[in-house]
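This report concerns only the one structure given below.
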Amino acid sequence: MIARFSDWLAQALLVVAAVLAFLLCFLVCADVIGRVGFNRPVKGTPEMVSFTIVIVCFLQAAYAVRSGGMIRVDAVVEHLPAWLQRACEVFAALAGAAFFALVCWGSLEPAAHAWTSNEFEGEGALRVPVWPARFVVILGSFLAALNYLLHTIALLRGVRR
């Protein structure tokens, strides 16, 4: 049941990330056209682009883990015996879970600070709040760690059979 919900949530977040990336294309095009054609760029574009890229990346992390789309290098592992390949895959899944769990844990305090201090990025006409990106990093890394743990459980169940 957790795996099914995780699949659904990862796909929903992937759709949100795709929509944000699509909208970001229009913002960048409007900024370039405004800058070149009218000498009037869209104010705050660099800040919005930098935060949106972080948000898009971390919204996609859970889906990348769940779908097996994370980068793998099989140059050495493919030459090992089957049982050792499975052991390496379990180790890699546990290492991925640990990495994303540490990212999640390390992001808690900066996110809380951004929320309580009302932290903004940018100067002048447009100031972008920092807290949405910080909380998406927490959400995305938590879900990626959870999906790595679910993958580890599935691997261990498959090894026992």
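Which residue pairs have Cβ atoms under 6 Å apart, sit 6 or more places apart or on different chains, and have a first residue in the range 9-35 that is more than 29 Å from Ala62 (Cα to Cα) and without any contact (Cβ under 8 Å) to a residue 60 or more places away in the chain and a second that is among the hydroxyl-bearing types (Ser, Thr, Tyr) and part of a helix (DSSP H, G or I)?
Pairs that qualify, where the first residue is more than 29 Å from Ala62 (Cα to Cα) and without any contact (Cβ under 8 Å) to a residue 60 or more places away in the chain and the partner is among the hydroxyl-bearing types (Ser, Thr, Tyr) and part of a helix (DSSP H, G or I), are Asp31/Thr45.
Can you give me the ranges of the helices (runs of 4 or more DSSP H) entirely in the range 44-161 with at least 1 residues that are at pLDDT below 90 and of a type in the set (Asp, Glu)?
Once the helices (runs of 4 or more DSSP H) in the range 44-161 are filtered for at least 1 residues that are at pLDDT below 90 and of a type in the set (Asp, Glu), what remains is 45-66.
Out of Ala95, Ala75, I need the residue that is surrounded by fewer than 16 Cβ atoms within 10 Å (Cβ to Cβ), within 19 Å of Leu155 (Cα to Cα) and of a type in the set (Gly, Ala, Ser). Which one? Don't jump to the end; show me each part of the working.
Details: Ala75 fails: within 19 Å of Leu155 (Cα to Cα).
On inspection, the qualifying residue turns out to be Ala95.
In the range 130-161, what count of residues is obtained for those that are within 12 Å of the chain's Cα centre (by Cα) and either under 18 Å from Ala82 (Cα atoms) or not hydroxyl-bearing (Ser, Thr, Tyr) (or both)?
Just the residues of the range 130-161 that are within 12 Å of the chain's Cα centre (by Cα), to begin with: 133-145.
So of that shortlist, the ones also either under 18 Å from Ala82 (Cα atoms) or not hydroxyl-bearing (Ser, Thr, Tyr) (or both) come out as 133-140, 142-145.
Residues flagged as within 12 Å of the chain's Cα centre (by Cα) and either under 18 Å from Ala82 (Cα atoms) or not hydroxyl-bearing (Ser, Thr, Tyr) (or both) within the range 130-161 amount to 12.
Do we have Gly69 as within 30 Å of Ala95 (Cα to Cα) and either among the acidic types (Asp, Glu) or without any contact (Cβ under 8 Å) to a residue 24 or more places away in the chain (or both) here?
Numbers: within 30 Å of Ala95 (Cα to Cα): yes; either among the acidic types (Asp, Glu) or without any contact (Cβ under 8 Å) to a residue 24 or more places away in the chain (or both): yes.
Answer is yes for this residue.
Is it true that some residue in the range 49-68 is within 20 Å of Asp7 (Cβ to Cβ) and hydroxyl-bearing (Ser, Thr, Tyr)?
Yes, because at least one residue in the range 49-68 is within 20 Å of Asp7 (Cβ to Cβ) and hydroxyl-bearing (Ser, Thr, Tyr).
The values are calculated or read from the model by the stated rules, or taken from the named source; none is laboratory data. The structure displayed is predicted, hence computed values, not measured ones. Reconstructed Cβ throughout: ideal geometry from the backbone, glycine too, with neighbour counts over all protein chains shown.
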